[in-house]
1. Using the number of other C-beta atoms within 10 angstrom as an exposure proxy, rank Ser23, Ser38, Ser80 with the fewest first.
2. May I ask for the Kirkwood hydrodynamic radius of region 40-119, worked out over all distinct Cα pairs and given in angstroms to one decimal?
3. Counting other beta carbons within 10 Å of each residue's own, what order do Tyr83, Tyr45 fall into, fewest first?
4. Sort Asp86, Asp74 by Cβ crowding within 10 Å, fewest neighbours at the top.
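Derivation of every value follows stated rules applied to the coordinates shown; laboratory data play no part. Keep in mind it's a predicted model, so treat the numbers as computed, not measured. Counting neighbours? That spans all protein chains shown, and the Cβs are built from the backbone with ideal geometry, glycine included.
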Amino acid sequence: MLGHPTNVTFHLFNPKSCVITNSLNKYYFIGVIATELSRHLNGWYMVCFKKLFEFVIKTPFYGAQTTLYCALDDSIECESGMYYSDCAQKNPAARALNKEDQKKLWEVSESMVGIKSDH
């Protein structure tokens with residue numbers, strides 16, 4: 001789940017940047033998308049999981065809708081640092097808004113890519 005706070009953090013530490021960043025819900029249970037990523041997991045637990053939860057798992061078509069919405073909708077063209085789920089702006093988890101965690105994540109990200117910004 002580090003991707004969500006990373007995008008929000010980028011916006012907070014670079015408010016004058018021309019880069020637009022938004023986070024999308026891709027990993028919460030209801031956001032599970034039926035892709036081929038689990039094709040090699042054929043154990044009994046996968047069969048049970050698929051049958052038990054198939055009514056809430058999204059098809060790839062529906063799973064892509066929020067990504068397409070954020071990339072193509074003109075009404076949010078200039079919004080940055082927001083969090084989207086099911087084609088709507090939502091409040092991220094409180095953990096993603098923790099200022100200390102944001103700063104630490106930003107510093108770790110800078111270290112990993114070897115870039116230091118002025119913030």
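1. Numbers: Ser23 24, Ser38 12, Ser80 18.
Listing Ser23, Ser38, Ser80 from fewest to most nearby Cβ atoms yields Ser38, Ser80, Ser23.
2. After inverting the mean inverse Cα-Cα distance, the result is 16.5 Å.
3. Details: Tyr83 20, Tyr45 9.
Ascending Cβ contact count within 10 Å gives the list Tyr45, Tyr83.
4. Numbers: Asp86 14, Asp74 6.
Fewest-to-most ranking of Asp86, Asp74: Asp74, Asp86.
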